[in-house]
Amino acid sequence: MVFAEAEHAPDDRLAMEIGTTYHRDLFCRNFIETHRPFEPESLPWPRLEGALLERLRAFPLWSYARTIERRAGQMVCAFAETVTDPVIREAVALQGYEETRHARLMQHVLDRYGIDAPDLATPPAPATREDFIVFGYGECTDSFLGFGAFALARKKALFPEPIMSIFEQILYEEARHITFFVNWFRYEEKRAGRDRFGERHVAALRGCFAAVKGALSGERGGVAPEFPADAAAEFSAFIDGITPIDFLEAALAENRRFLARLDPRLPKPGVVPTIALLALLGLRALPPRTQLTELTSPRALRHARDDRTEHQPLLAR
Ligand SMILES: [Fe+2]
Ligand SMILES: [Fe+2]
């Protein structure tokens, strides 16, 4: 693809304006140039046995994850065919290819490590502009949660480093997808005269809520996530000893680390990290010993509330 002549000099960083041809070429070129060609089968997968293999097999969402990646690939590829701008179309098609490759990578993990994950039937994915927007905001929320889980899994050394390095590449691709998405969205909105601060933040919040609602109801991926009954023990082993503050701090730090690898001139996803930061500031008012497992029990919540009142300075009561 030949990019159009820039409306600003390429080295004029401060002059980059959202909605210009220069902006479009920058976010599309950055996305295309950071694509890494590889085939899932040729990656350096380690040999796993014993407890590590059991832990990988026990991950409860293999079926769900493969299904939503496959469906994402179908939807993004179909949406790319409707995009009239050839520069944007090439980038969206590449994202569709990467999503399809994520599904193939998941399938390879299942085959290689003997993981039993039934195929989930899903209806065909609709691929309108509105679907791409809800999908994009869904990726913003999913990626942020993924960054936090990934950072904590690495910290706890739950899986060997070669596995973590492969999944680091997948999360980097998701960081590229969400950065491409927010730039595409702002580019389009600006060109339609709807890029004022309030308008775009309301649109982003609406998109995030629609994405979360769609994920929980199964509308977004065509299937709702299901936790098998025996997944609870494995899940609590993962979150054992981790406080919500730990999780949010890890997710925010990892989010910064991944997004810092992309062109500094491009706007980055900000709504989900801002909500997380506000939640973090709120949670810091809770007792420091509160953990994710404790927080889910009503008794612990009642305890935390009483505790907080007891330890608050007199003037704050
Ligand atoms: Fe993906
Ligand atoms: Fe993605």
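Under the rule of at least 5 residues apart or a separate chain, name every residue whose amide H is placed under 5 Å from the amide H of Thr243.
Those qualifying (amide H under 5 Å, at least 5 residues apart or on another chain) are Leu292.
Once you have the alpha carbon radius of gyration of the range 127-203, what is it after dividing by 2.2 N^0.38 Å, with N set to its residue count?
Normalised by 2.2 N^0.38 Å, the Cα Rg of the range 127-203 equals 1.39.
Give me Arg196, Arg70, Arg154 sorted ascending by neighbouring Cβ count inside 10 Å, so fewest comes first.
Fewest-to-most ranking of Arg196, Arg70, Arg154: Arg196, Arg154, Arg70.
Using 1/(1 + (r/R0)^6) with R0 = 35 angstrom and r between the beta carbons of Arg47 and Thr274, what's the FRET efficiency to the nearest 0.05?
That pair, Arg47 with Thr274, gives E of 0.25.
Suppose the chain between Arg257 and Val202 were pulled fully straight at 0.36 nm per residue; how much longer would it get relative to their current alpha carbon spacing?
Net length gain for the segment: 17.2 nm.
Based on alpha-carbon positions alone, could you give the equivalent ellipsoid semi-axes of the range 69-147 from the gyration tensor, as √(5λ), descending, whole Å?
25, 14, 13
Length gain on complete extension for the stretch Thr34 to Ser165, per 0.36 nm per residue less the alpha carbon to alpha carbon distance?
Taking Thr34 through Ser165 to full extension adds about 45.5 nm, to one decimal.
Would you mind working out the magnitude of the charge dipole of the range 39-80 relative to its Cα centre, with +1 at each Lys and Arg C-beta and -1 at each Asp and Glu C-beta, to the nearest 20 Debye? The partial results should precede the final answer.
Working: 6 positive and 5 negative charges, 35 e Å.
Magnitude of the dipole: close to 160 debye.
Using a cut-off of 26 Å between alpha-carbon atoms, which lysines can reach Lys268, once sequence neighbours fewer than 8 places away in the same chain are excluded?
Excluding near neighbours in sequence, the set is Lys155, Lys190, Lys213.
Show me, for the range 99-108, the HN-Hα J-couplings you get by feeding each phi into the Karplus relation (A = 6.51, B = -1.76, C = 1.60, θ = phi - 60°), rounded to Hz, glycine and proline as x.
With coefficients 6.51, -1.76 and 1.60, one gets 5, 4, 5, 4, 5, 5, 5, 4, 4, 5 Hz.
Hey, what do the phi angles of the range 238-246 turn into as Karplus ³J(HN,Hα) couplings, whole Hz, using 6.51/-1.76/1.60 and θ = phi - 60°, x for Gly and Pro?
In residue order, the calculated couplings are 5, 8, 4, x, 9, 8, x, 5, 4 Hz.
What net charge do the residues around Arg261 carry, taking every other residue with its C-beta under 14 Å from that of Arg261, with Lys and Arg at +1 and Asp and Glu at -1?
Within the 14 Å Cβ shell, the charges total 0.
I want the local charge near Arg129. Using Cβ-Cβ distances under 14 Å, sum +1 for each Lys or Arg and -1 for each Asp or Glu among the other residues. Could the numbers behind the result be given before it?
Values: positive: Arg89, Arg191, Arg194; negative: Glu81, Asp85, Glu130, Asp131, Glu188, Glu189.
Net local charge, Arg129 excluded: -3.
None of the figures in this text is laboratory data; all of them are computed from the coordinates on show. Owing to the predicted nature of the structure, the values given are computational and were not obtained by experimental measurement. Please note: Cβ atoms are built from the backbone with ideal geometry, for glycine as well, and neighbour counts cover all protein chains shown.
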